[in-house]
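The values are calculated or read from the model by the stated rules, or taken from the named source; none is laboratory data. A quick note: this is a predicted structure, and the numbers were derived from the prediction, not measured. Ideal geometry is used to build each Cβ from the backbone, glycine not excepted, and the neighbour counts take in all protein chains shown.
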Amino acid sequence: MVEKLILGIETSCDETSAAVVADGRKIRSNIISSQIDTHRRFGGVVPEIASRKHVENIAAVIQRALEEANVTWHDLDAIAVTHGPGLVGALLVGVSAAKAMAYSLKIPLLGIHHLMGHIYAVFLEHDAVQLPLLCLVVSGGHTSLILLEGYGQMRLLGQTRDDAAGEAFDKVARALGLPYPGGPEIEKLAKEGDSAAVEFPRAWLEEGSLDFSFSGLKSAVLNYLHRARQKGEEINKHDVAASFQQAVIDVLVGKTFAAVDKLGARQLAVAGGVAANGTLKTALVREAERRGVRVLTPSPVYCTDNGAMIACAGYYALQEGRVASLDLNAVPNLPLHFLD
């Protein structure tokens, strides 16, 4: 049987990535050019700089992906690209490149929602994924509980009402004087801290709600730091990081397993950049084992933004005939379409 080769392109934020994936599962290549060192001096991503870096890197990254996969342009069956949500200038670089290639090669163009890419990253390394699948997507821009019933068939169970978990990590890290990106730095500090040292709030919201809220927690940490500095008190950054991280994890785990119990789920997929947090993963696995639930998480490289997850999602979009036209555009606030 002839394999379907999909080239996936991801440029939604500060990683320029391209990957070749066969039949949605077999990763032939996954090239990532990160801009972290460029943006670190500014304490976060500068959209205009990100766009320029994508322009500089995109051609070389795609060429390396093809060479590492040992395929030519004419071996490709389709081009999949993130067209939202994300930084509009950054998205436009990937979308423009994908449209040009699809047009010149006369092959299908597949527009992929960034969040869908994160969900499908789980399929790259796990063969026994069963649908419907409960998914916790937790990243810098998203914190959502989604039930995946089939490609493009999703039911929203809960989402953040304000800050995403990853966004809260970055803002607290900045307040602690830690470099960007903040999530890994918080986790590193927390390993040497006492997670019970500071009592930060947990936002559980209304009874039975599966929504999230991290804005109040973020504000509580910032107020704690501000008061301590005003009084001239010494701040134990390790304890603050550990206590903040534990407050986030408690809510993520609590809400997720409320959804598990409500649905009777036997598998739980965890995806997105914050899914690379080892403390979160340990807490989820421990609770899952108690309930006899299997946790599926991508390797760290597939938790953060990458072309392989876009190629994987693209394969399933192609199978469903969800092909985009050449007027595909970048949509910075692209919504996901959910079942009623």
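Residue pairs whose Cβ atoms lie under 7 Å apart, separated by 6 or more positions or on different chains, with the first residue in the stretch 241-268 and under 20 Å from Ala190 (Cα atoms) and the second surrounded by fewer than 17 Cβ atoms within 10 Å (Cβ to Cβ) and of a type in the set (Asp, Glu), are Ala242/Asp194.
Considering Val129, Val122, Val137, the condition of being over 17 Å from the mean Cα position of the chain (by Cα) and within 23 Å of Asp261 (Cα to Cα) is satisfied by Val129 alone. Among the residues examined, Ile235 qualifies as out of contact with any strand residue (DSSP E or B) (no Cβ under 6 Å at 6 or more places or on another chain) and assigned to a loop (DSSP other than H, G, I, E, B). Could you say whether any residue in the stretch 287-308 is of a type in the set (S, T, N, Q), out of contact with any Gly (no Cβ under 9 Å at 6 or more places or on another chain), surrounded by 21 or more Cβ atoms within 10 Å (Cβ to Cβ) and closer than 30 Å to Trp204 by Cβ? The answer is yes, given that some residue of the stretch 287-308 is of a type in the set (S, T, N, Q), out of contact with any Gly (no Cβ under 9 Å at 6 or more places or on another chain), surrounded by 21 or more Cβ atoms within 10 Å (Cβ to Cβ) and closer than 30 Å to Trp204 by Cβ.
The selection criterion, being farther than 23 Å from Pro332 by Cα and assigned to a loop (DSSP other than H, G, I, E, B), holds for Val71.
The number of residues in the stretch 140-192 that are part of a loop (DSSP other than H, G, I, E, B) and over 13 Å from the mean Cα position of the chain (by Cα) comes to 13.
Residue check: is Val55 at pLDDT 95 or above and either assigned by TED's automatic domain parsing to the domain that holds Gly166 or touching a Cys at 6+ places or on another chain (Cβ under 7 Å) (or both)? Considered against the rule, which asks whether it is at pLDDT 95 or above and either assigned by TED's automatic domain parsing to the domain that holds Gly166 or touching a Cys at 6+ places or on another chain (Cβ under 7 Å) (or both), Val55 comes out as no.
Listed by position, the helices (runs of 4 or more DSSP H) enclosed by the stretch 273-340 that each have at least 2 residues that are under 25 Å from Phe244 (Cα atoms) and of a type outside the set (Gly, Ala, Ser) are 278-291, 300-303. Across the stretch 247-272, the number of residues qualifying as basic (Lys, Arg) and not in a helix (DSSP H, G or I) comes to 1. With respect to the stated conditions, Glu125 fails to be in the same structural domain as Glu48 (by TED's automatic domain parsing), charged (D, E, K, R) and within 18 Å of Met309 (Cβ to Cβ). Per the conditions (1) modelled with pLDDT under 95; (2) of a type outside the set (Asp, Glu); (3) touching a Lys or Arg at 6+ places or on another chain (Cβ under 9 Å), the sole criterion not satisfied by Ile79 is (1).
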